[in-house]
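Notes follow once the structure below has been shown.
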Amino acid sequence: MAAVRRVIGRFFALLVRPFAASGRWVRRRGWIIRGIVVVFLLLFVGLYAYFFWQTQVWTGFDPDYVQAYDLRAEAQVSAGEQVPARSGEGSRTCSSSVIADVAADLTDMNVNQNAWISSMLLYKLGFFGLAWDDTPFFDNKASFQRGVNQTVRRTAVELVDALGRVRGTSQIDRDLQKARESIQFSEDAWYFGLSPFGPKTPTPSFYRTAIDSLRAFNDRLESCDAVFDARADNLIQFLDRIASDLGSTSAILRERSENYNGGWFDTRADDRFWFAYGQLYGYYGLLHAARGDFSDVVSQRSLESLWDATESQFRAALNITPPIVSNGREDGWIMPTHLATMGFYILRARSNLVELRQVLDR
């Protein structure tokens with residue numbers, strides 16, 4: 001025990017030595033140097049306080065956020081279809097896309113209601129040169145945001161390639177194209193970069209452009225000046241893309257769970273877990289939105305019960321929010337295996353998606 005105390009004491013002595021030496025150097029300098037150092041320290045402390053706050057406070061996070069879209073989902077008018085005119089209304093209006101709305105709202109939560117963590121300077125600098133993703137600290141929210149963003153990226157591609165065009169052969173919608181280009185931008189760009197060297201437009205600015213473009217598309221769609229092709233084969237393709245994306249994440253979780261049984265000491269388990277959680281969070285809302293946008297297809301194929309079951313699988317997975325993510329052995333009893341549990345829920349949700357697709361394809 002005495003040897004352990006000596007080792008710990010020497011470690012902290014080495015850790016404190018540079019700061020003590022810096023303090024002695026500052027005390028021997030004049031007031032101007034001291035003032036500059038004080039301002040630098042205050043700026044340093046302020047930046048880290050802001051960084052700590054942004055990484056720990058999750059504004060707008062709500063596993064039941066899909067309930068806000070229930071009213072539009074119950075309209076029973078597929079996206080792009082003309083809405084029956086009310087008495088006294090002369091102008092023609094069409095139903096907007098709930099998918100585009102949810103994609104914009106998810107991105108708004110990522111970059112407007114919260115700071116985009118992955119491109120923050122202190123996140124890029126890491127912990128004494130070690131990437132935050134390789135530590136058990138301050139990376140959960142960043143991984144969650146990237147998981148949500150992955151769902152919006154996948155959806156933007158589908159909107160451009162299939163959903164926002166007539167049978168995939170008409171002209172690409174300009175707003176959807178701009179949204180896809182913007183949301184595909186690098187996730188870690190700050191105001192200045194080394195490769196290439198020079199000033200840059202930060203990531204959140206591009207993502208805010210994607211939000212505006214998705215909203216602009218919906219405004220044009222509501223005015224019947226845009227297209228949403230709510231056919232069964234487009235819904236099948238959309239479900240296929242979601243299932244494929246979740247299958248890839250499931251394989252990542254399985255590989256980490258099988259090969260790195262570090263329990264609470266696996267420093268990469270948390271970012272794997274929260275990325276998968278972000279994907280389920282995003283796809284939960286987008287799947288709910290697809291039910292509204294393809295309401296005619298869902299009704300004609302009598303998919304209501306199966307769709308409810310699929311959404312319930314996604315919602316059940318969102319109940320897993322451990323304070324510390326553990327990647328223990330599957331037969332362990334002290335350190336649980338949260339990665340295997342999350343992988344199990346992803347496979348259940350994916351199985352329901354495959355079943356939905358099979359019913360649609362009959």
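The values are calculated or read from the model by the stated rules, or taken from the named source; none is laboratory data. If you're wondering where the values come from, they're calculated on a predicted model, not measured in any experiment. All Cβ positions, glycine included, derive from the backbone under ideal geometry; neighbour counts span all protein chains shown. When the accessible area is computed, the model is the full protein with side chains, heavy atoms only, and any ligands, DNA or RNA have been set aside. Shrake-Rupley method; radii C 1.70, N 1.55, O 1.52, S 1.80 Å.
Quick look at the numbers
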| quantity | calculated |
| --- | --- |
| Relative contact order, percent, the stretch 146-227 [alpha-carbon distance under 8 Å, six or more residues apart] | 28 percent |
| Pairwise label distance in nanometres, residue 308 with residue 131, each label 7 Å out on the Cα-Cβ vector | 4.4 nm |
| Lys, Arg +1 and Asp, Glu -1 on Cβ, resulting dipole of the stretch 241-312 about Cα centre, debye, nearest 20 | 140 debye |
| Accessible area expressed per residue, the stretch 190-266, with surrounding protein chains retained (probe 1.4 Å, Å²) | 50 Å² |
| Segment residue 296-residue 68, extension gain: residue separation times 0.36 nm, minus the distance between their alpha carbons | 80.0 nm |
| Cut-off under 5 Å, modelled amide H: who pairs with residue 94 long-range | 83, 223, 224 |
| Amide H contacts of residue 200 (H built 1.01 Å from N, under 5 Å, at least 5 apart or other chain) | 192, 193 |
| Selection of GluC sites (Glu not before Pro), the stretch 309-358, meeting DSSP coil and at most 12 other Cβ within 10 Å | 330 |
| Cross-link partners of residue 200 among lysines (Cα-Cα below 18 Å; sequence separation of 8 or more within a chain) | 124 |
| Where the Cα pairs of the stretch 118-228 fall when distances are cut into 10 Å bins, in % | 14, 36, 28, 16, 7, 0 |
| Förster radius 35 Å - calculated FRET efficiency between residue 219 and residue 359 (Cβ-Cβ, nearest 0.05) | 0.55 |
| Relative contact order, percent, the stretch 230-314 [alpha-carbon distance under 8 Å, six or more residues apart] | 43 percent |
| Efficiency of FRET from Cβ geometry, residue 319 and residue 259, R₀ 25 Å, rounded to 0.05 | 0.40 |
| Positive-pole candidate from 132, 148, 120, dipole of the stretch 116-204, charges at beta carbon | 148 |
| HN-Hα J in Hz across the stretch 218-233 - Karplus 6.51, -1.76, 1.60, θ = phi - 60°, x for Gly and Pro | 5, 5, 5, 5, 5, 8, 6, 9, 9, 10, 10, 8, 8, 9, 5, 5 |
| Amide H partners (placed H, <5 Å) of residue 127, local residues excluded | 132 |
| Heavy-atom accessible surface of the stretch 267-359: percent carbon and sulfur, 1.4 Å | 50 percent |
| Candidate residues 241, 10: accessible-area rank, largest first, probe 1.4 Å | 10, 241 |
